[in-house]
Ligand code: UDP
């Protein structure tokens, strides 16, 4: 066989695995069905702006090893994500912190904010939260749930907050300090020059074939390598034979505007139910409005994100890790164990709402086991 590993999918998992395998002396071929590398982290240069084609990606981690690893391949800028929420024209800071509480209730100090939240969570009568709605109310009370969580979440997931798992809302920090950093992470930033450049660096010296659909050419491609690292949807691999896993998809509407500043922030979330999009991204602010030579960029590019239910043929973005989907995934995982030649990895291969740092850690771990 010509290769030790065929890596299916040039997203972060595939790029990191391929790099580690190649560095260990293995022969690796990476394929992707899209015409570009970097998976959903793909960024494209439009008039000097790195446009995040498949939604905003802000790298953040508490894992020093992962941080050191990515910094080996790219410099990172010091961007800190501080989104603004718009609820019917009212503006709030995110994540939920003293600025949000002040804007919502006019409170000045942490004790006052805590007292209001304690009062509002009494409606749960001490019950352990069992779904996203109860979890949100127990963390921040009903006012914030109604204005900043309910509409956004129902648009994002296409489901009632009572039918969604609690862990989704635990992704967001809640703080009694005036700190608008969206992430509780020691390390944060955006790769200088964009994510595509980072992926390119990870794949340096490794053979890549684009526009190559593994599942369409499986029989031929399988003959090329001893082992396959498959990072596509696990249910698609098995031709959906046990049923389809559900995903949320996103439709992006991107505009190039001839103005210097559209919204004054990289991310503005629209948290009401009526606005059809969840957020508007203004890409230039991920790089402080500067091009690679440090010059102010004159125009701007914005993207509206419209969540959609996924149907076969669409790009899957978010696995819906509720109990029925997780059960179906477990059945696919049993099938996957029998595919001795194949390793399933990444957000789609493991049907897991992974952040980028966790994907990298998982790929590093797998490569340590195997190569
Ligand atoms: N969320 C919310 N209001 C917001 C932002 C987020 O209710 O303004 C909730 C929503 O349920 C979302 C979850 O928090 O799905 C996680 O948000 P995150 O920003 O981590 O989602 P991602 O960036 O992965 O789309």
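The values are calculated or read from the model by the stated rules, or taken from the named source; none is laboratory data. This structure is a prediction, so every number in the text was calculated from the model and none was measured. Every residue, glycine among them, receives a Cβ derived from its backbone with ideal geometry; neighbour counts consider all protein chains shown.
For segment 1-16, give me each residue that is outside any loop (DSSP other than H, G, I, E, B) and either at pLDDT below 95 or closer than 14 Å to residue 348 by Cβ (or both). Please lay out each step first, then the result.
Taking segment 1-16 as the starting set, the residues that turn out to be outside any loop (DSSP other than H, G, I, E, B) are 3-8, 12-16.
7, 8, 12, 13, 14 - these are the residues of segment 1-16 that are outside any loop (DSSP other than H, G, I, E, B) and either at pLDDT below 95 or closer than 14 Å to residue 348 by Cβ (or both).
Note down all Cβ pairs under 6 Å where the first residue falls in segment 338-363 and is farther than 20 Å from residue 221 by Cβ, the second is within 16 Å of the ligand (Cβ to nearest atom) and in a strand (DSSP E or B), and they're at least six residues apart or on different chains.
351/319; 353/319; 356/59; 357/61
Just checking, does segment 27-43 include any residue being in a loop (DSSP other than H, G, I, E, B), farther than 22 Å from residue 318 by Cα and touching a helix residue (DSSP H, G or I) at 6+ places or on another chain (Cβ under 9 Å)?
So in segment 27-43, the residues in a loop (DSSP other than H, G, I, E, B) come out as 27, 32-38, 42.
From what is left, the residues that are farther than 22 Å from residue 318 by Cα are 27.
Okay, now just the ones that are also touching a helix residue (DSSP H, G or I) at 6+ places or on another chain (Cβ under 9 Å), so 27.
Yes, that holds for at least one residue.
Can you confirm whether residue 122 is surrounded by fewer than 21 Cβ atoms within 10 Å (Cβ to Cβ) and near the ligand (Cβ under 10 Å from one of its atoms)? Full working, then the answer.
Details: surrounded by fewer than 21 Cβ atoms within 10 Å (Cβ to Cβ): yes; near the ligand (Cβ under 10 Å from one of its atoms): no.
Criteria not met by residue 122.
Would you point out which residue out of 175, 171, 248 is within 16 Å of the ligand (Cβ to nearest atom), within 30 Å of residue 289 (Cα to Cα) and surrounded by 15 or more Cβ atoms within 10 Å (Cβ to Cβ)?
Values: 171 fails: surrounded by 15 or more Cβ atoms within 10 Å (Cβ to Cβ); 248 fails: within 30 Å of residue 289 (Cα to Cα).
175 is the lone residue from the list that is within 16 Å of the ligand (Cβ to nearest atom), within 30 Å of residue 289 (Cα to Cα) and surrounded by 15 or more Cβ atoms within 10 Å (Cβ to Cβ).
Just give me the residues in segment 321-350 being closer than 30 Å to residue 280 by Cβ and either within 13 Å of the chain's Cα centre (by Cα) or surrounded by fewer than 16 Cβ atoms within 10 Å (Cβ to Cβ) (or both), in sequence order.
Going residue by residue through segment 321-350, those that are closer than 30 Å to residue 280 by Cβ are 321-322, 325, 346-348.
Listed by number, the residues that qualify are 346, 347, 348.
I'm checking my understanding of the structure. Among residues of segment 256-274 that are out of contact with any helix residue (DSSP H, G or I) (no Cβ under 8 Å at 6 or more places or on another chain) and within 12 Å of the ligand (Cβ to nearest atom), which one is farthest from residue 46 (Cα to Cα)?
268
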